[in-house]
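Visitor: Would you mind keeping the following structure in view while I ask a few things?
The values are calculated or read from the model by the stated rules, or taken from the named source; none is laboratory data. Quick caveat, the model's predicted, so the values are computed rather than measured. Because the Cβ atoms are built from the backbone with ideal geometry, glycine has one as well, and the counts that use them run over all protein chains shown.
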Ligand SMILES: Cc1cc2nc3c(=O)[nH]c(=O)nc-3n(C[C@H](O)[C@H](O)[C@H](O)COP(=O)(O)OP(=O)(O)OC[C@H]3O[C@@H](n4cnc5c(N)ncnc54)[C@H](O)[C@@H]3O)c2cc1C
């Protein structure tokens, strides 16, 4: 869903509307998006939309995986990533935008607005930060990354959260940026957990998604 609209700074830009915006489409972000979108046929999903913005630097692009559960040993991370993107593309409720988010901030009230370097904007009810543990170049949010708690390298980061990946209301962190160790299953698992937290709020009760073929 995109239209031409006046941007927050008065400039005209292509503006997309989403219920959930996920910044980062690597293991954590795509897992989060797939799990959210997999509930799109539930009545309480109510036509919601999820947008992923990604600029293509996932660590998976450097990996060959022999120990990721359910993944054929020796599979290239690029193949796994492409497979996850194809899986997400099967859902009508999901969109991937290629580009870099330069700024994200809260609008007066509740919603967030993210601005890409292209000038495109995404306005969203909820924001998930899944940019990996090496990069934090999104301006505008009042949260500063700290040293990563589980990696023995000084330049690895994480964003503190409440123990269930919530930084503040409607703002979540997923993948390694949430403090997970550098394994595909952990990054993807945190993404799925964030998705289930979001879906449970939409459903009005604790939920999960099974058997949505
Ligand atoms: C060489 C290597 C080998 C590995 N081998 C294995 C293995 O054998 N088994 C295993 O389980 N794991 C392995 N891993 C680890 C695995 O790749 C990571 O755990 C996983 O990719 C982390 O997921 P993530 O979503 O946190 O980050 P990533 O997958 O790195 O994704 C982060 C995404 O955010 C995007 N992004 C960041 N900032 C912005 C922005 N401002 N705007 C838009 N997009 C943005 C990036 O482009 C990227 O696509 C390996 C990693 C490496 C580097």
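Visitor: Quick one: how many residues across the stretch 163-211 are surrounded by fewer than 18 Cβ atoms within 10 Å (Cβ to Cβ), over 23 Å from residue 39 (Cβ atoms) and without any contact (Cβ under 8 Å) to a residue 60 or more places away in the chain?
Guide: Result for the stretch 163-211: 3.
Visitor: Conditions: (1) more than 15 Å from the ligand (Cβ to nearest atom); (2) out of contact with any helix residue (DSSP H, G or I) (no Cβ under 7 Å at 6 or more places or on another chain); (3) part of a helix (DSSP H, G or I). Residue 160 meets all but one. Number of the miss?
Guide: (3)
Visitor: Do you know which residues across the stretch 38-80 are within 13 Å of the ligand (Cβ to nearest atom), surrounded by 20 or more Cβ atoms within 10 Å (Cβ to Cβ) and not in a loop (DSSP other than H, G, I, E, B)?
Guide: Passing the criteria: 51, 52, 53, 54, 60, 77, 80.
Visitor: Assuming residue 151 fulfils every condition listed in (1) within 11 Å of the ligand (Cβ to nearest atom); (2) part of a loop (DSSP other than H, G, I, E, B); (3) at pLDDT 95 or above apart from one, which condition is it?
Guide: It fails just one condition, (3).
Visitor: Mind checking which residues of the stretch 117-126 are within 13 Å of residue 138 (Cβ to Cβ) and surrounded by fewer than 21 Cβ atoms within 10 Å (Cβ to Cβ)?
Guide: Of everything in the stretch 117-126, just one residue is within 13 Å of residue 138 (Cβ to Cβ) and surrounded by fewer than 21 Cβ atoms within 10 Å (Cβ to Cβ), namely 117.
Visitor: Now for a separate question. I need the full set of residues from the stretch 1-26 which are modelled with pLDDT under 95 and in a strand (DSSP E or B), in order please.
Guide: 2, 3, 4, 5, 6, 12, 13, 14
Visitor: Follow-up. Of these, 175, 189, 132, 180, which one is touching a helix residue (DSSP H, G or I) at 6+ places or on another chain (Cβ under 9 Å) and under 21 Å from residue 206 (Cβ atoms)?
Guide: Sole residue among the options that is touching a helix residue (DSSP H, G or I) at 6+ places or on another chain (Cβ under 9 Å) and under 21 Å from residue 206 (Cβ atoms): 189.
Visitor: Moving on. Quick one: which of 83, 29 is touching a helix residue (DSSP H, G or I) at 6+ places or on another chain (Cβ under 8 Å) and at pLDDT 95 or above?
Guide: 29
Visitor: So which residues in the stretch 112-139 are within 17 Å of the chain's Cα centre (by Cα) and part of a loop (DSSP other than H, G, I, E, B), if there are any at all?
Guide: If the condition is that a residue be within 17 Å of the chain's Cα centre (by Cα) and part of a loop (DSSP other than H, G, I, E, B), then 130, 131, 132, 133, 134, 135, 136, 137, 138 are the ones that fit.
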